[in-house]
Amino acid sequence: MKPTFHQRVRYRFDNFMARGTSAMIGMLFVCTLVIISIAGAVLSAAHFVQEVEGAAPLSFGEATWLSLMRTLDAGTMGGDTGTAETGALTRLTAEERALYDQLVRNELGHQIRLEQEKIGFEWLVE
């Protein structure tokens, strides 16, 4: 009996994975490049424009580069800063509320954030 297409593909995939860790890392690398290229093509075809005054639509190379940078490290290399939290926080003490209000109003400086606040979870256990 002749093997089906699905069985042949699965057999080849299993043989490739049996080659070890380097084969798996290589497959991950190729898959990542394919996904980044697809993202670049979509951004380029959609005539995506960055949020810069008078910017032209991104070329395929520029869109692919931006996709790669966001894949590696979205915050640092991609230039993404995110948005500031300005919602109502109900469980703050008076001192925390005062600091939060100063941060929201940018009184301490432009877009200053508390990057890593140590918050204990002891209050969860009663």
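Leaving out ligands and nucleic acids, and using a 1.4 Å probe, what accessible area per residue does segment 1-78 come to in Å²?
Details: 6240 Å² over 78 residues.
With all protein chains present, segment 1-78 gives 80 Å² per residue.
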- What's the center-to-center distance, using Cα atoms, between segment 54-75 and segment 88-111 in Å? 34 Å
- Message: Ignoring ligands, DNA and RNA, please state the percent of accessible area on segment 1-65 from carbon and sulfur, probe 1.4 Å.
- Response: 68 percent
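Add +1 for every Lys or Arg and -1 for every Asp or Glu among the other residues with Cβ under 13 Å from the Cβ of Ala18, and state the total. Could you put the intermediate results ahead of the total?
Numbers: positive: Arg10, Arg12, Arg19; negative: Asp14.
Spelling it out: positives minus negatives among the neighbours equals +2.
Would you please name the GluC sites (Glu not before Pro) within segment 17-71 that are DSSP coil residues with at most 13 other C-beta atoms within 10 Å of their C-beta? Walk me through the numbers on the way to the answer.
Numbers: sites: Glu51, Glu53, Glu62; in loops: Glu51, Glu53.
Sites meeting the loop and neighbour criteria: Glu51, Glu53.
The values are calculated or read from the model by the stated rules, or taken from the named source; none is laboratory data. Given the structure is predicted, the values throughout are model-derived calculations rather than measurements. Neighbour counts run over all protein chains shown; Cβ positions are idealised from the backbone, glycine included. Heads up: the accessible areas ignore ligands, DNA and RNA and are worked out on the full protein's heavy atoms, side chains in. Shrake-Rupley method; radii C 1.70, N 1.55, O 1.52, S 1.80 Å.
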